[in-house]
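K.L.:
Can you read through this structure? Questions will come right after.
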Amino acid sequence: MAYDVPPPEQCPEPGYYYHYKHDPNGPLNNYAYYICGVGHHTEDDCRPEDAFMQVYRPLYETAYAYRNGGMFDLRPLYMFHKPAIVNGVEVSRFTKITDPEVIARLGAITLARRQCRCGIGSELRSSC
């Protein structure tokens with residue numbers, strides 16, 4: 001049951017991240033995400049590995065959630081930490097962005113997407 005699973009020891013900090021598929025020669029926001037936090041699955045029939053979900057907002061136009069009013073994406077938390085294999089080499093699936101200029105530019109994109117058609121309250125939109 002989801003309520004029997006202990007809380008995760010490791011949770012990513014909220015902030016901007018690039019997915020390993022990000023192309024540094026492409027648009028700034030390709031495979032860029034704002035990590036909002038971690039959610040907990042509330043249903044009894046949840047698999048233990050899916051009890052905690054990474055909640056994030058894609059910042060690129062081709063993402064389903066972006067195209068549909070600024071929705072959020074979810075992914076099991078263990079997958080956030082699980083390395084990806086690229087050309088036979090393990091790489092981090094997500095890398096936190098620390099460059100203040102890039103963060104400021106992605107922040108402008110985030111502000112533009114805060115208008116959500118799915119009824120999420122302004123208190124959540126302002127933090128994510």
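K.L.:
Would you pick out the residues in segment 1-60 that are surrounded by 18 or more Cβ atoms within 10 Å (Cβ to Cβ) and either at pLDDT below 85 or among the hydroxyl-bearing types (S, T, Y) (or both)?
P.N.:
Passing the criteria: Y16, Y17, Y18, Y31, Y33, Y34, Y56, Y60.
K.L.:
So, one more: Tell me which of these I103 doesn't satisfy, since it passes every other one: (1) surrounded by 10 or more Cβ atoms within 10 Å (Cβ to Cβ); (2) over 15 Å from Q54 (Cα atoms); (3) modelled with pLDDT under 90.
P.N.:
Failed condition: (3).
K.L.:
A further question follows. Which of the following residues is of a type in the set (G, A, S) and under 19 Å from P8 (Cβ atoms): A51, A65, A84?
P.N.:
Going through A51, A65, A84 in turn, the sole match is A51.
K.L.:
Looking only at segment 63-83, which residues are assigned to a loop (DSSP other than H, G, I, E, B), surrounded by fewer than 16 Cβ atoms within 10 Å (Cβ to Cβ) and at pLDDT below 90? Please lay out each step first, then the result.
P.N.:
From segment 63-83, those assigned to a loop (DSSP other than H, G, I, E, B) are 63, 68-72, 82-83; that's our starting set.
With the extra rule that they be surrounded by fewer than 16 Cβ atoms within 10 Å (Cβ to Cβ), the set shrinks to 68-69, 82-83.
Selection gives N68, G69.
K.L.:
Could you list, in sequence order, the residues of segment 8-60 that are charged (D, E, K, R) and within 15 Å of the chain's Cα centre (by Cα)? It would help to see each step written out before you state the result.
P.N.:
Restricting attention to segment 8-60, the residues satisfying the condition of being charged (D, E, K, R) are 9, 13, 21, 23, 43-45, 47, 49-50, 57.
Once the filter is applied, which keeps residues that are charged (D, E, K, R) and within 15 Å of the chain's Cα centre (by Cα), segment 8-60 yields E13, K21, R57.
K.L.:
Consider segment 71-94. How many of its residues are among the hydrophobic types (A, V, I, L, M, F, W, C) and under 23 Å from P7 (Cβ atoms)?
P.N.:
6
K.L.:
Across segment 54-84, what is the number of residues that are of a type in the set (K, R), in contact with a Lys or Arg (Cβ under 8 Å, 6 or more places away or on another chain) and without any contact (Cβ under 8 Å) to a residue 60 or more places away in the chain?
P.N.:
Qualifying residue count for the region: 1.
K.L.:
Name the residues in segment 5-51 that are touching a residue at least 40 places away in the same chain (Cβ under 8 Å) and of a type in the set (A, V, I, L, M, F, W, C), would you?
P.N.:
V5, C11, L28, A32, I35, C36, C46, A51
The values are calculated or read from the model by the stated rules, or taken from the named source; none is laboratory data. Computed from a predicted model, the values in this text were never measured in an experiment. Because the Cβ atoms are built from the backbone with ideal geometry, glycine has one as well, and the counts that use them run over all protein chains shown.
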